[in-house]
Structures are given as C-alpha cells and as structure tokens.
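Shown next, in structure tokens, is the structure this report addresses.
Derivation of every value follows stated rules applied to the coordinates shown; laboratory data play no part. Since the model is a prediction, treat every value here as computed from it, not as a measurement. Every residue, glycine among them, receives a Cβ derived from its backbone with ideal geometry; neighbour counts consider all protein chains shown.
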Amino acid sequence: MGPDYSTTKGDSSYKSAERSKDFHNFGIDALKQVSKKGRISMKLTITRNQASGMFGGVKFELVAKVTLTPEESAIISKYKADKEVLLKKEVKIPLTGRALTFDLTIGSLMTGQTFKCNDIAEILEYEKNAKESCESFRNYLAVMQSFGGQEVIEY
C-alpha cells in the first residue's frame, strides 16, 4: 500500500499521511529534504586490477567498496540493514548449463565486494551494477535517517 495523500479545500499542497515502505523508490524530493537534516556522505571506491591467467590470458578484477561516516555506519547497525540485498544477479557457469545466484548486499559493499571477470565487458557490467546498487544504498540511508520526522511533498 502506497502513501495516503490528502488535501484541504483551497490548499494546493499535498501532505503525506504515511511514508512509503518501498525504499528503492524513495523520491528525489524526499532525498533533498533529508539532505537538509543529515547529509549523506557515502563514497564508492572502485578498484580495477588485472593479472595473467593460467594459460597466458588476462583476468580482470573489480573491487567495489563504500566508505561511510560513523553516523551512517551507526544507522546501518541500528536498523541491521547490512544483510539487505541491493542487487540479485544470476551468474551462468560455462559448459554446465547451471547458474549461481549472487546477492550484492549493503554489508558486502561495506567490507568490499570483489568481482573476477574474463573480459572488459564483464568489468563494465559489474561496475554499472555497483553504481546502481549504491544509488539504492543511498536511498536506504536517506529513509533510515528520516525516521522520526515528517515529509511534505509539494506539487
């Protein structure tokens, strides 16, 4: 169930009577409102490495890690959000026809997530996934910071 919006006669603004529980779709206006209250300073560091493969080829590695302020870390701990899945990806195992399901979580980004790849296209895909996951992570932080307050949305 989404937010309940109501208005009074002659009033052009809408007031949210309850918050949306869908963290992933938390609006930009709400993020701006939250940033006035407590700024989100999360940083994503992406490290790219390469090494020689066993048979002379090149292997690629991407490490994605977020750095949080002590306040942001405390919020994650308070809400026990480290196991929250930001991205669920299916990785096919060559020659077997099988696949593994991979979950990118808030906790794995906080400790640093390593992706090993065979080509640059895979590296670019994982980098894109990490950046998108950080946008979701930022939304989670904004919502968690906003509890105890109220949100007013004007149209």
Using the beta-carbon distance between Arg98 and Leu124 and R0 = 35 Å, what value does 1/(1 + (r/R0)^6) give for FRET efficiency, to the nearest 0.05? 0.90
Packing-based ranking, highest mean first, of 44-50, 88-94 given that Cβ atoms within 10 Å are counted: 44-50, 88-94
Vicinal HN-Hα couplings computed from phi for the stretch 52-69 (Karplus, 6.51 cos²θ - 1.76 cosθ + 1.60; Hz; Gly/Pro x): 6, x, 4, 10, x, x, 10, 10, 10, 9, 10, 10, 10, 9, 9, 10, 10, 6
Restricting the calculation to Cα positions, tell me the Rg (one decimal) and the Dmax (whole number) of the stretch 83-147 in Å. 13.8, 49
Taking 0.36 nm per residue of separation and subtracting the Cα-Cα distance, what length does fully extending Arg39 through Ser52 add? 0.4 nm
Figure the gain on full extension for Val63 and Val85 (residue separation times 0.36 nm, minus the Cα-Cα span) and round it to one decimal in nm. 6.1 nm
Quick one: Karplus J couplings for the stretch 128-141, per residue in order, coefficients 6.51, -1.76, 1.60, θ = phi - 60°, nearest Hz, x for Gly and Pro? 4, 4, 5, 5, 5, 5, 5, 5, 5, 4, 4, 5, 4, 4
Karplus-derived 3J(HN,Hα), 6.51/-1.76/1.60, for each residue of the stretch 108-121, Hz, glycine and proline x: 5, 6, 5, 8, x, 10, 9, 10, 9, 9, 9, 8, 5, 4
Exceeding 25 Å between C-alpha atoms, which entries from my cross-link table qualify? They are Lys59/Lys83; Lys80/Lys116; Lys59/Lys92; Lys43/Lys92; Lys43/Lys78. Lys59/Lys83; Lys80/Lys116; Lys43/Lys92
Which residues qualify? For Thr105, with a placed amide H closer than 5 Å and at least 5 residues away or on another chain, they are Leu86
